[in-house]
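Input: a single structure, listed below in structure tokens.
Laboratory data are not the source of any read-out in this text; all were calculated from the coordinates shown. Note that this is a predicted model, so its numbers are computed, not measured. Quick reminder, even Gly has a Cβ in these numbers, built from the backbone with ideal geometry, and neighbours come from all protein chains shown.
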Amino acid sequence: MKEMKKISLPLTDGEQSNERTFRSEQTTKGVIMKNVRKASAHFFFAVALGAVTLVAFQLLGTVAQAQSSYFTSRGCIDCHSAPTVATCNGCHHHGNASLKATTNKTSYSPGETVTATLAGGTRTGWIRAILYDQNNTQIARSNGNDSGMGSSTTFPAALTAPAPTTPGTYTWKMAYFGNLDGSGTGDVHGEASVNTNPFTVAAATDTTKPTLTISALANGVHTNIATLNISGTASDAGGLQSFAVNGQAVVVNPDGSFSAALTLAVGANTVTVIATDKAGNQQTDTRTITYDPTAPILTVTAPADNSTTTQSFTTVTGTINETS
């Protein structure tokens, strides 16, 4: 068998033209199909993005409508009307879960400011906060106006009032007035309350000294009298605990007057009067009195004793000897 050889024959001008036309058509179809596939991908992406945007818009619209609808359908708008803005605070159930009232301190002086804070609730929202004392008397309330009704605030709510003036242990109460219904089926307003922690009021600390007035020889005076009389008045709003002169107790009369006699020693004597009240405050008066029983020695040298003169004025000379 003879081997068959493959022979390539040159194309004629017409055949070459037809081949080029065929190839050009194939290339054009490929480009067109590629562009179609790319356009289709862009189209489906745009459709998907539009669908997501539409769903999100519908969801947001539903939430916004729900808030607005609840504010109207639940009757919130009947009281919280314009210019109050429709908001969740107008409808949210405030609830009693974990409701707690605490004071900022556990001990106060009489009349000191007490700050009580009401916290808890199921959700935040407009409430009227109220503070009651130990006699269930309202002593403070919130004063905001966000709700359009006055006296509004939100959790946590802090109120202040003076502590009782009488020492003792007290428990106050805090309450809120607002939406008590958490079922979503109705708008039920009412007051829910809770006791504060107990706190004490301590007696006021007395730091005022007694009043003391002394009637006696002034500080630094010399005297030749052996007995020094001391008198005066002493008083204190809380009462005197003791009264003493140089450590010796002296009775103070109901009108506050007192009188005492002190025997002086020759020379300088320190006299101390102390008035002490029931809180331990002291008023002190201290002075030094010098007792000198010896008269000075006086010697007159001129004029002579029993002398006579015709002068209207005369000069007296001599010496004084005083050792004290």
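Report the gain in length on full extension from Thr207 to His189: 0.36 nm times residue separation, minus Cα-Cα distance, nm rounded to one decimal. Walk me through the numbers before you get to the answer.
Numbers: separation 18, 0.36 × 18 = 6.48 nm, distance 5.10 nm.
Gain in length upon complete extension: 1.4 nm.
What is the distance in Å between the Cα centres of the range 288-324 and the range 78-154? Comparing the Cα centres of the range 288-324 and the range 78-154, I get a distance of 92 Å.
Listed values for the range 147-155 are Karplus-derived 3J(HN,Hα) couplings in whole Hz (6.51 cos²θ - 1.76 cosθ + 1.60, θ = phi - 60°), namely 7, x, 10, x, 6, 9, 7, 9, 5, and x replaces Gly and Pro. Close amide H partners of Gly125, meaning residues 5 or more places away or on another chain with modelled amide H under 5 Å apart, are Phe155. Distance between the 7 Å Cα→Cβ label points at Asp255 and Thr315: 5.8 nm.
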